[in-house]
1. How are the Cα pair distances of the stretch 112-191 distributed, in percent, across 10 Å bins from 0?
2. Per the helix-only calculation at 222 nm, which mean residue ellipticity applies to the chain, given -39500 (n - 2.57) for every DSSP H run of n ≥ 4 and division by its residues, nearest 500 deg cm²/dmol?
3. If one takes the longest principal axis of the Cα atoms in the chain, at what angle in degrees, from 0 to 90 and to the nearest 10, does the Cα axis of helix 50-75 lie?
4. Quick one: length gained pulling residue 67 to residue 153 fully straight, 0.36 nm per residue minus the C-alpha distance?
5. When N counts the residues of the stretch 53-138, how does its alpha-carbon radius of gyration compare numerically with 2.2 N^0.38 Å, as a ratio?
6. How far is helix 148-169 tilted, in degrees, relative to the longest principal axis of the Cα atoms in the chain, given as a value from 0 to 90 rounded to the nearest 10?
7. Using the alpha carbons of the chain, what is the convex hull volume per residue in cubic angstrom, as a whole number?
8. May I ask for the equivalent-ellipsoid semi-axes of the stretch 1-47, computed as the square root of five times each C-alpha gyration tensor eigenvalue and listed largest first in whole Å?
């Protein structure tokens, strides 16, 4: 990765490892530079501060999440396949970013711009699910009089809560998470 963007991405990936290992307060730019195989001064050519780098990690991770979620939605043929893929992806993403997610939740230093970015990303994710719901209505997989907004919130809430519970509290391996049963219950109800 000889490009400027490539070098920034290498620094971001190194910083994710360092923040995950040391936490926000104990992570030092020296540790990040060593992990990236560069000098400390090089980091400052790309990021003005530890806070800016941390926020860039958040935006990088959210952008990665959004791209991958959209890809999962586009991969499936039926609404059930799409939702099972989304649920599996969500659990894998949380699990692979577990340490960093816990740090991000604890650190309360986000700028106004960062809060706006997160809000916009959440809105974009809702749009992805809204498109999924509308496509399912068009294909006859969902009823025509469905409240699309409510359906989106139900889908997002079910996937998020199910995956968080399984990743944070369940001791079984990720491969044993039953995304199909959760999606079946979501789509077919409890009666």
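1. The percentages, shortest bin first, are 16, 39, 32, 14, 1.
2. Dividing the helical sum by the residues of the chain leaves -26000 deg cm²/dmol.
3. 30 degrees
4. That works out to 29.0 nm of additional length.
5. For the stretch 53-138, the normalised Cα radius of gyration is 1.20.
6. Tilt of helix 148-169: around 60 degrees.
7. 144 Å³
8. 18, 11, 8
None of the figures in this text is laboratory data; all of them are computed from the coordinates on show. Source: prediction; values computed, not measured. Quick reminder, even Gly has a Cβ in these numbers, built from the backbone with ideal geometry, and neighbours come from all protein chains shown.
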